[in-house]
Each structure stands twice: as C-alpha cells, then as structure tokens.
Amino acid sequence: IRISTNHTPRIIENVKSGKATLGFCAGYLPPHHGLMSLHLADEPFSIVSRHSLSQLPKAILTNDLTNPANTYQQAIL
C-alpha cells in the first residue's frame with residue numbers, strides 16, 4: 001500500500017490514468033470527472049490562531065487562487 005497526498009484535480013488525474021487505484025478528495029469535486037464517487041462525510045472546519053480571539057476576524061484567507069494548484073476553484077467561488 002502506498003499513500004500520498006495531493007490536490008483534488010491531481011487525485012482525479014491519477015485515478016483516471018491508473019497511477020492510483022482510488023483517491024480520497026476533500027472539498028469541491030468538479031462535475032463530469034467520469035469516475036464513480038461516494039460522499040463519505042461532511043468535513044468540519046476550524047479557525048485556529050496563535051492568539052486568543054475575542055471576536056471573529058474581519059477576513060479569513062482560506063485559499064491562494066494565484067497558486068496554479070488552486071485555480072480550478074475560481075469558477076465556483
């Protein structure tokens with residue numbers, strides 16, 4: 001058994017090409033990927049901080065859309 005991590009588009013590509021037998025994807029799964037998929041669970045999210053928070057921040061950076069690995073998400077955001 002070999003386990004590796006990657007972004008969802010790369011996981012889909014690896015399963016489609018046969019490099020991976022199956023993949024676990026978190027987050028947005030694009031439509032029309034041509035693979036069988038099964039929703040396992042809703043993923044909880046937490047905000048973490050080095051300092052005590054008395055209120056939620058005004059803005060939260062959750063993803064860098066200038067990173068080529070994340071650009072596929074622009075269409076859904």
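Values in this text are rule-based calculations from the coordinates and carry no lab data. The shown structure was predicted, so the numbers you read here are calculated from the model rather than taken from an experiment. All Cβ positions, even for glycine, are placed from backbone atoms using ideal geometry, and neighbour counts span all protein chains on display.
Quick notes
- Remark on Tyr28: its backbone amide H falls under 5 Å from none of the residues 5 or more positions apart or on other chains, H modelled at 1.01 Å from N.
- Relative contact order of the range 1-70, taken over Cα pairs closer than 8 Å and 6 or more residues apart, is 23 percent.
- For the chain, dividing the convex hull volume of the Cα atoms by the residue count gives 157 Å³ per residue.
- Peptides 31-41, 6-16, 50-60 ranked from most to least packed, by the mean per-residue count of other Cβ atoms within 10 Å: 6-16, 31-41, 50-60.
- Karplus-derived 3J(HN,Hα), 6.51/-1.76/1.60, for each residue of the range 12-25, Hz, glycine and proline x: 4, 4, 5, 5, 4, 7, x, 5, 10, 6, 8, x, 10, 10
- Furthest towards positive pole of dipole, Gly34, Leu22, Val48, structure part the chain, Cβ charges: Leu22
- Karplus 3J(HN,Hα) series, Hz, for the range 38-55 with 6.51 cos²θ - 1.76 cosθ + 1.60 (x for Gly, Pro): 9, 6, 8, 6, 7, 8, x, 10, 10, 9, 10, 8, 6, 10, 5, 9, 8, 8
- Overall, the chain carries a charge dipole of about 200 debye about its Cα centre when +1 sits on the Cβ of Lys and Arg and -1 on the Cβ of Asp and Glu, all other atoms neutral.
- Distant-in-sequence amide H partners of Ala20 (H built 1.01 Å from N, under 5 Å): Val15
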